[in-house]
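Enquirer: Can you read through this structure? Questions will come right after.
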Amino acid sequence: SEMDSAVLRRILATRIILRARRGFQGFRRLCHSVSEKSKSSGGPISWYLRQLDTRPIITKSITAMFINSGGDVICQVFVEGSSEIDKVRVGKMSFLGLCYVGPILHFWFGTVFRWLPQPGLKGVVYRIACDQTLFAIPFVTSFFALVPLLDGRTDTIIPTIKRELWPAIQTNWVLWIPAQFINFSFVPLKLQVLFANGVAVIWNVYLSMASHRDHESLSDSTVVSI
């Protein structure tokens, strides 16, 4: 009967949800276990994990500096096809990674977990929603302002934000919602800035293309790491 079919569908759906939840929790425990074993195994990974424990802010900031600068070099060489690397631009991206991106991400990830400590899938969804609204939009906006400011092009800040912000936010959601689902679900808290900066290499390539496409006046402009 139709009633029996409906009951069977509900039972099947409940079983699928429970199995998915158990798998989700099991994989998360596995990721944390791998992190702890790596810490005690010796070698560079062990050393890096110890630095995250003892010097979290400076370690994440230096990591962001190298990833920001590396992402910008990739943009210049492979996206823009530059025959010579703009070292001043790389230096600016390194500075922003060290003094802005790394510290802000450290405090943000800690803050969002304090605000929304709920375990499981519900907590992950809440944290992603918070991250992609309360954090991502102001952060991208501030970066579109900081890069021209460092270049001494303060008159281009407002036009750049008006032109680039909404397309950048849309692309940000396409990339970062699934990336942050993985990050908030499976990556230990102290490694989340590292994961985010790794994904940001891809993000840098997109924003380099966006900022140089059809905008010759912004030839050394905006690359963002969230």
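Enquirer: Looking at SER142, SER94, SER69, SER82, which is the one that is in a loop (DSSP other than H, G, I, E, B) and either closer than 25 Å to GLN170 by Cα or of a type in the set (S, T, N, Q) (or both)?
Expert: Working: SER142 fails: in a loop (DSSP other than H, G, I, E, B); SER94 fails: in a loop (DSSP other than H, G, I, E, B); SER69 fails: in a loop (DSSP other than H, G, I, E, B).
Going through SER142, SER94, SER69, SER82 in turn, just one is in a loop (DSSP other than H, G, I, E, B) and either closer than 25 Å to GLN170 by Cα or of a type in the set (S, T, N, Q) (or both): SER82.
Enquirer: So which residues in region 184-193 are out of contact with any Asp or Glu (no Cβ under 9 Å at 6 or more places or on another chain) and closer than 17 Å to VAL125 by Cβ, if there are any at all? Show your work before the answer.
Expert: Taking region 184-193 and keeping what is out of contact with any Asp or Glu (no Cβ under 9 Å at 6 or more places or on another chain), we get 185-187, 189, 191-193.
SER185, PHE186, VAL187, GLN192, listed by residue number.
Enquirer: Pick from ARG153, ARG127: which is of a type outside the set (A, V, I, L, M) and either surrounded by fewer than 17 Cβ atoms within 10 Å (Cβ to Cβ) or more than 20 Å from PRO103 (Cβ to Cβ) (or both)? Show your work before the answer.
Expert: Working: ARG127 fails: either surrounded by fewer than 17 Cβ atoms within 10 Å (Cβ to Cβ) or more than 20 Å from PRO103 (Cβ to Cβ) (or both).
Matching residue, one of ARG153, ARG127: ARG153.
Enquirer: Scan ILE182, ILE161 and give me the residue that is touching a helix residue (DSSP H, G or I) at 6+ places or on another chain (Cβ under 6 Å) and without any contact (Cβ under 8 Å) to a residue 24 or more places away in the chain. Let's see the steps before the verdict.
Expert: Numbers: ILE182 fails: touching a helix residue (DSSP H, G or I) at 6+ places or on another chain (Cβ under 6 Å).
Result of the check over ILE182, ILE161: ILE161.
Enquirer: What number of residues in region 114-141 are modelled with pLDDT under 90 and polar (S, T, N, Q)?
Expert: Looking only at that region, the number is 1.
Enquirer: Working only within region 67-113, note down all residues that are acidic (Asp, Glu) and within 29 Å of PRO188 (Cα to Cα). Break it down into steps so the answer makes sense when it comes.
Expert: First pass over region 67-113, keeping only residues acidic (Asp, Glu): 72, 80, 84, 86.
If the condition is that a residue be acidic (Asp, Glu) and within 29 Å of PRO188 (Cα to Cα), then ASP72 is the only one that fits.
Enquirer: Separate question: Which residue pairs have Cβ atoms closer than 6 Å, lie 6 or more positions apart in sequence or on different chains, and pair a first residue in region 87-113 that is modelled with pLDDT under 90 with a second residue that is not in a helix (DSSP H, G or I) and not hydrophobic (A, V, I, L, M, F, W, C)?
Expert: Pairs found: ARG89/ASP220; VAL101/SER225.
Enquirer: Can you tell me which residue is surrounded by the fewest Cβ atoms within 10 Å (Cβ to Cβ) among those in region 114-124 that are over 20 Å from LYS190 (Cβ atoms) and touching a residue at least 24 places away in the same chain (Cβ under 8 Å)?
Expert: GLY120
Enquirer: Of all the residues that make up region 79-98, how many are under 18 Å from ALA145 (Cα atoms) and either surrounded by 14 or more Cβ atoms within 10 Å (Cβ to Cβ) or aromatic (Phe, Trp, Tyr) (or both)?
Expert: 9
Enquirer: Now a separate question. Taking PRO138 as meeting all but one of (1) within 17 Å of PHE107 (Cβ to Cβ); (2) surrounded by 15 or more Cβ atoms within 10 Å (Cβ to Cβ), write down the number of the exception.
Expert: Of the numbered conditions (1) within 17 Å of PHE107 (Cβ to Cβ); (2) surrounded by 15 or more Cβ atoms within 10 Å (Cβ to Cβ), the odd one out for PRO138 is (2).
Enquirer: Could you tell me whether ILE74 is modelled with pLDDT of 90 or more and either in contact with a helix residue (DSSP H, G or I) (Cβ under 7 Å, 6 or more places away or on another chain) or not in a helix (DSSP H, G or I) (or both)? First the steps, then the outcome.
Expert: Numbers: modelled with pLDDT of 90 or more: no; either in contact with a helix residue (DSSP H, G or I) (Cβ under 7 Å, 6 or more places away or on another chain) or not in a helix (DSSP H, G or I) (or both): yes.
Here the answer is no, as ILE74 does not meet what is asked.
Enquirer: What number of residues within region 58-75 are surrounded by fewer than 21 Cβ atoms within 10 Å (Cβ to Cβ) and in contact with a Pro (Cβ under 6 Å, 6 or more places away or on another chain)?
Expert: Result for region 58-75: 0.
Enquirer: Restricting the search to region 158-172, which residues are β-branched (Val, Ile, Thr) and at pLDDT 85 or above?
Expert: First, pick out the residues of region 158-172 that are β-branched (Val, Ile, Thr): 158, 160-161, 169, 171.
Of everything in region 158-172, those that are β-branched (Val, Ile, Thr) and at pLDDT 85 or above turn out to be ILE158, ILE161, ILE169, THR171.
The values are calculated or read from the model by the stated rules, or taken from the named source; none is laboratory data. In this text, all values refer to a predicted model and were calculated from it rather than measured experimentally. For neighbour counting, all protein chains shown are included, and Cβ atoms are generated from backbone atoms with ideal geometry for every residue, glycine included.
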